[in-house]
Amino acid sequence: MGYDVIRLSGLQLSARIGVLDQEKAVDQPLAVDAELRLDLNAAGDSDSLAHTVSYADVADLIESIVTSRSFHLIETLAVTLVQAIIRSDSRIEAAAVTVHKPQAPLAQTFEDVSVTVHRSRAEVTGSAEVTGRAGLPQPRPEVSGVYDGELVDDDPASAVSAASPPGAEHEVTVSTPTASLGYYGRTSLAELGHDDAAADHYRDPDLSAAFPVRSVLALGSNLGDSRSALASAVQALEAAEGVVVVNASPLARTKPVGGPVDQRDYLNQVVEIETRLSPHELLDLAQQIEVDHKRVRSQRNGPRTLDVDIVTYASATIDSPRLQVPHPSAADRAFVLLPWSWMDPVALLGGRPVRELAREAQDYDDVVRLDQ
């Protein structure tokens with residue numbers, strides 16, 4: 001018995017890929033073929049795109065990975081692509097990706113060098129279950145032109161004041177730099193009755209990393225010149241000792257989640273860093289950057305000049321009175337997930353694709369990508 005296939009052949013792209021210096025200095029042409037194995041009976045009966053996987057979305061995913069990341073080997077690129085494709089939609093039972101490198105550095109005359117990788121869903125995810133998820137989530141349409149400037153002329157002191165601290169009714173577990181007044185309510189694992197909150201696999205938040213680890217941070221602002229505030233926060237991270245900024249997402253304009261109804265829209269951004277700082281040291285740095293940008297906390301979910309939240313720290317789980325990682329509510333917030341997915345299309349959170357989580361978030365339609 002045969003099986004159904006969606007095939008995308010000869011996708012023409014360019015990237016700096018290779019182990020030689022000259023390969024790293026100049027973009028080289030690549031071609032990518034992708035083959036997706038899935039059940040197309042529903043699509044054949046309904047004639048509806050909702051019942052199949054969009055090959056345009058697959059092409060966008062491949063292009064975003066090839067153009068946003070660097071690789072030494074086309075083998076690694078092929079594995080990365082096939083894993084991302086399978087994880088992008090749970091209806092895909094298996095996939096194959098071929099990466100062609102027609103200008104490989106060989107002295108002999110040749111037509112092509114290519115690598116083909118086949119993977120099943122069970123090999124990629126550890127499970128063969130297919131749940132019929134919807135297709136690849138797409139970023140909101142890009143907005144052309146200059147941001148309308150409504151966040152530029154505010155006096156930060158006009159909306160918040162350090163003289164009026166939050167009352168007892170606003171006390172929550174502090175889990176990120178802005179937890180007491182952040183976007184989201186938080187409850188620690190211990191408060192939820194999880195006996196494994198102190199298990200061995202939970203990381204000591206005061207333990208520095210033995211080697212640089214990756215951490216994802218979420219930035220937000222809706223007071224003052226928000227665009228400049230986010231750019232300044234990234235610069236502050238770059239200047240901090242023990243921190244290297246690896247990647248930064250495009251800006252997103254988002255509607256406030258919770259808080260006063262008359263708040264202005266936020267600008268949000270996600271940044272990936274490498275650091276040897278301990279989680280608590282990174283938290284201290286994030287809080288200091290907030291303070292340097294005149295952040296004050298007087299109203300839960302209220303407007304702020306700058307938010308710097310720790311979303312992930314390597315693959316660690318942290319549950320201290322000061323910090324929870326992964327961020328307890330990030331998986332439900334498109335204003336974090338969508339910029340993150342634009343920055344890293346194959347990112348995972350809690351074992352699930354960030355792109356998929358973004359599509360499920362209630363605020364998905366309230367997030368708009370801005371031109372830089």
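Every read-out reported here was derived from the displayed coordinates using simple, explicitly stated rules and does not represent laboratory data. Everything quoted here is computed from the prediction, not taken from an experiment. We place every Cβ from the backbone using ideal geometry, glycine too, and count neighbours over all the protein chains shown.
Only lysines eight or more places from LYS24 in sequence, or on another chain, were considered; those with a Cα closer than 16 Å are LYS101. Spread over its residues, the convex hull of the C-alpha atoms of the stretch 1-119 is 107 Å³ per residue. Over 19 Å, how big is the tail of the calculated P(r) for the stretch 228-339, in percent of all Cα pairs? Beyond 19 Å sits 48 percent of the P(r) for the stretch 228-339.
For the stretch 1-86, the dipole from Cβ point charges (+1 on Lys and Arg, -1 on Asp and Glu) about the Cα centre works out to 280 debye, to the nearest 20.
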